[in-house]
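Worksheet for the structure shown next.
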Amino acid sequence: MSLADGAASPLHLTRSPRLDNALRLGWDAFSRTLAASGGEDAARWIAARTGDPELVDIAEPLLAAAIDPDPDPEESAEALFALAELAEETDDDLLADTFWEGALDRAQTAGDGDLIAEATRRLAALAERLGDPLAAAEFFIGFLNWRRQPAHSSDPDDVEDAFDAIVRLATIDGAHQAAAEYGYRQVQFTRLLDAEDERAVEGNWEAYARPYEPWA
């Protein structure tokens, strides 16, 4: 879930209606419009949207890295991470959500487990704040499914934290069977971690490849 999916957010009007409209369509549309606008104009748009003229000089180099036509995925992810944090500092949930969506996308391309985990946490926190525990859990489930792919690695603590969050969110949502299932899966993972099994760090720790699914 993202705010672009229809959740209410404060209305910000600027002199760049193309960017205003694209922002409401999610990261894919927004990233294309950012690239077409160029770093300087996009930075001015962010400054106007947030009401902070000083953001122009801060945002422009970050946007240049984020919208580079041939980006280094890790540098691009880190730039989007910084832009998302700037948006959070100005309490612009829609802009922050969209930049976090982009940071997650680029971090997955880069295969950076740490950045993927952090972007996942930020997106999930926003979804939970909007009162949607299922949507929040879906971000963590997506992270676990990414980690279970061949050659994908991450800090095992991030896996444990994701399981903790899913169990908590399922309980909040009244999905007690799902909470029990994910709790059992976590116990299995923790056993591998305690045994120093390499699957706790890289690849699929389950005996099957079927992805985890959210509750209905």
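Bear in mind that the values in this text are calculations on the coordinates, not laboratory data. These figures come from a predicted structure and were not determined experimentally. Counting neighbours? That spans all protein chains shown, and the Cβs are built from the backbone with ideal geometry, glycine included.
For the stretch 29-46, take each phi angle, set θ = phi - 60°, evaluate the Karplus expression 6.51 cos²θ - 1.76 cosθ + 1.60, and give the result in whole Hz per residue in order, putting x for glycine and proline.
Couplings: 5, 5, 5, 5, 5, 4, 4, 5, 6, x, x, 5, 5, 5, 5, 5, 5, 4 Hz.
With axes computed from alpha carbons, what is the tilt in degrees of helix 73-89 against the longest principal axis of the chain, rounded to the nearest 10 within 0 to 90?
70
Along the charge dipole of the chain, Cβ charges K/R +1 and D/E -1, which of Thr50, Asn145, Thr190 sits furthest on the positive end?
So the residue furthest toward the plus end is Asn145.
Roughly what angle does helix 156-172 make with the longest principal axis of the chain, taking Cα atoms, 0 to 90 degrees, to the nearest 10?
90
Does anyone have the angle between helix 55-66 and the longest principal axis of the chain? Alpha-carbon axes, 0 to 90°, nearest 10?
Approximately 60 degrees, to the nearest ten.
Where the centre of each part is set by its Cα atoms, how far does the stretch 27-69 sit from the stretch 160-181, in angstrom?
37
What dipole magnitude, in Debye to the nearest 20, does the chain give about its Cα centre under +1 on Lys/Arg Cβ and -1 on Asp/Glu Cβ?
Computed charge dipole of the chain: roughly 860 debye.
With the dipole of the chain worked out from charges on the C-beta (+1 for Lys and Arg, -1 for Asp and Glu) around the Cα centre, which of Leu80, Thr171, Thr98 lies farthest toward the positive end?
So the residue we want is Thr171.
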